[in-house]
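Notes to accompany the following structure.
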Amino acid sequence: MRITILTDNPKSWVIPYIKGLKEKLSENHEISHIFSSKDIKKGDLMLILSCEKILKDYHLSFHKSNIVVHPSELPKGKGWSPLAWQVLEGENRIPLTLFEANDKVDDGDVYQVDYIELNGSELNDEIKHLQGLKTIEMILRYVDGFESREGIPQTGDETFYEKRTFKDSELNIYKNIDEQFNLLRVVDNERYPAFFLKDGVKYVLKIYKED
């Protein structure tokens, strides 16, 4: 098969996992990795991984199937940063949905639902690692069964998460660490580190596990 991998953010956390995915897929398939929808060419399957822009029907028409892996059980949890929001809600069993992309937000037919299990101690990098491994596992499973694929329309009430910004990493100085530990688990130490304000001064905190 001719498989295209589209990642419109070349600095995305998923890039190292895509590298491993390409190595496995290239054993039996022709692989092209692009970073802009302008570079889409005809093929059999497009993997839309960590893309921030919604593709139009025109972009999706180049391939027989265009899939996304989204960390929520659709139609619940559409939108931005669903994994982080669910951790903040206290969830430790996080669903991932592999579905067919269309020109709406997280709206297409579902092919697979799988889960990652957390124990409540993982920090952002560890959570992303589990997400990356499960994402690749689901994609490889889909590729293996490509000719017999059959999607199921989404059913039920849909919900949407908002995009997280640096403001969402703010700690409340009147709450203790235990009350805010899940927030510390999902902050990005480089892009959106935890911080708090006191007497008009901003203090930045970074969290790591001791080796």
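Figures for the structure shown
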item: Over 26 Å between alpha carbons, listed pairs Lys104/Lys134; Lys11/Lys163; Lys22/Lys163; Lys128/Lys198; Lys22/Lys206; result: Lys22/Lys163; Lys128/Lys198; Lys22/Lys206
item: Net lengthening on full extension, Lys24/Ile173 (0.36 nm per residue, minus Cα-Cα); result: 48.9 nm
item: Selection from Tyr142, Pro16, Gln112, by position along the positive dipole direction of region 15-151 (Cβ); result: Pro16
item: The chain pair-distance distribution - Cα-Cα, 10 Å bins, rounded %; result: 8, 32, 34, 18, 7, 1, 0
item: Cα pair distances in region 31-131, grouped into 10 Å bins until the bin that holds the longest one, percent each; result: 14, 44, 29, 11, 1
item: Percent carbon-and-sulfur accessible area, region 29-100, ignoring ligands, DNA and RNA, probe 1.4 Å; result: 48 percent
item: Region 4-38-region 136-201 distance, computed between alpha-carbon centres (Å); result: 22 Å
item: Cβ-defined net charge surrounding Leu98, 11 Å radius [Lys, Arg +1; Asp, Glu -1]; result: -1
item: Where region 1-135 is the region considered: accessible area per residue in Å², 1.4 Å probe; result: 50 Å²
item: Region 95-157: relative contact order as a whole-number percent, Cα under 8 Å and 6+ apart; result: 38 percent
item: Relative contact order for the chain, counting Cα pairs under 8 Å that sit 6 or more residues apart, in percent; result: 17 percent
item: Region 40-134 - charge dipole about Cα centre, Lys and Arg +1 at Cβ, Asp and Glu -1, debye rounded to 20; result: 420 debye
item: Integer Hz, Karplus 6.51/-1.76/1.60 couplings in order for region 186-197, x for Gly and Pro; result: 9, 6, 9, 4, 9, 8, 9, x, 5, 7, 9, 10
item: Residue among Leu130, Ile152, Phe166 farthest towards the positive dipole end of the chain, charges placed on Cβ; result: Phe166
item: Net dipole in debye of region 146-211 [+1 Lys, Arg Cβ; -1 Asp, Glu Cβ; about Cα centre; nearest 20]; result: 380 debye
item: Local electrostatic count at Gln112 - Lys and Arg +1, Asp and Glu -1, tallied over other residues with Cβ under 14 Å; result: -4
item: The chain, helix-only ellipticity at 222 nm - DSSP H runs n ≥ 4, -39,500 (n - 2.57), divided by all residues, nearest 500; result: -7000 deg cm²/dmol
item: Dipole moment magnitude, nearest 20 debye, the chain about Cα centre, only Lys, Arg, Asp, Glu C-beta charged; result: 700 debye
item: The chain: angle of helix 124-144 to the longest principal axis, Cα-based, in degrees nearest 10; result: 10 degrees
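The values are calculated or read from the model by the stated rules, or taken from the named source; none is laboratory data. Remember, it's a predicted structure, so these values are computed and weren't measured experimentally. Every residue, glycine among them, receives a Cβ derived from its backbone with ideal geometry; neighbour counts consider all protein chains shown. Note: areas computed on protein heavy atoms with side chains; ligands, DNA, RNA excluded. Shrake-Rupley method; radii C 1.70, N 1.55, O 1.52, S 1.80 Å.
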